[in-house]
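Just so you know, all these numbers are worked out from the coordinates, no wet-lab data involved. Keep in mind that this is a model prediction, so the values were computed, not measured. Note that we place each Cβ from the backbone using ideal geometry, even for glycine, and neighbour counts take in every protein chain shown.
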Amino acid sequence: MGNMIGGIVILLVVILCAAAFRLRKSGGNKKIIQMNRPRKSFGSRQSCSYCKRKVETLSFYSDGRGKVIGVCNVCKPHAERQALMRI
């Protein structure tokens, strides 16, 4: 009888640990984003740092002081002439 109660207690502990692990795994941290999924863009277009034109994609560069700028494809040669570092 005592051996059977010990087995039941061990079984309950294992079930509770599995349930706690599953809850912790599925809850996850809401501040962490998944990088393998493409980001949804709802028409958010960014403006070029030089010409201020709204474009879909920007190339980002950094100057010697650490300032980051985003340039469109038209202004990209201008940024490369200034020897900005590509990010």
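Some points to look at:
- Long-range HN-HN contacts of residue 75 with modeled amide H, under 5 Å: none
- When each of the peptides 49-60, 4-15, 68-79 is scored by how many other beta carbons lie within 10 Å of its residues on average, the order from highest to lowest is 68-79, 49-60, 4-15.
- The coefficient of translational diffusion for the range 47-87, derived via Stokes-Einstein from the alpha carbon Kirkwood radius under 20 °C and 1.002 mPa s, stands at 215 µm²/s.
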